[in-house]
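Coordinate-derived values only; no laboratory data. This structure is a prediction, so every number in the text was calculated from the model and none was measured. For neighbour counting, all protein chains shown are included, and Cβ atoms are generated from backbone atoms with ideal geometry for every residue, glycine included.
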């Protein structure tokens, strides 16, 4: 879950290790590299920001309060999975008599997966960088599947891990993440109308941005600029665009830029320099290089071909 803390005066508790997280939740440490915590057995904490120094996957069971990511708040329903990568921040606000999510939490140190295929692939699980309102909601069957994997992991946690223990643990964590990827694909389908709307808005915003000549001299800003405007995380926007258009946001932005350039090149009253500036390029050479890289010919060649 993506961190967005804007108030520099906010005090943040740093929980750098699995052991410190266990202690905070009144849970004994069997192995310093990973742990599974039952939140129902910990004393409720409230109004405290925490930065985690390890990977964390929470499975929330019942309605128990409002969990905050960054400065946003998300009142979530039963069967919700939340993901944190190292150095991200979260906060739980106390509601009634409980503040911690009621459910299970898997935490594991980066050292556990060091040198494994999972270490090389974990950055592909983009949901670790999603925001609070992009959490994964699972149905009963999916939740039971997650619980089964967590149970298998729990059985393998020992004070000392041999090579086989470690392999089984990492394999099951990777299996869990793969299932979560599948469930997110299902969620994308279920929310297709909403995602199509976001994709359409993204296209319109990019086009308007270019036509208003707000570009930075090289044509377009970062994808995060538009993600912020759409109130989604950069990774979530990327996954939506890929699902809806089979393009990355950058590819889609460049395609919009090229389509606009083609439209403008049909206006023979404008020279290449004027068109490049209208598209937000400081120098015509930058526009020419961009256009030729995408189309295989220069803007002048493209324009000449229009008269043939």
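Quick notes on this structure:
- Between residue 123 and residue 24, the modelled label-to-label distance comes to 2.6 nm, taking each label 7 Å out from Cα in the direction of the beta carbon.
- The calculated FRET efficiency for residue 186 paired with residue 48, based on their beta-carbon distance and R0 = 25 Å, is about 0.15.
- Label-to-label distance for residue 266 and residue 171 is 5.9 nm, based on points extended 7 Å past Cα in the beta-carbon direction.
- Applying 0.36 nm per residue to the separation of residue 283 and residue 197 and subtracting their alpha-carbon distance, the gain on full extension is 27.5 nm.
- Spatial separation of Cα centroids for the range 141-191 and the range 256-274, in angstrom: 52
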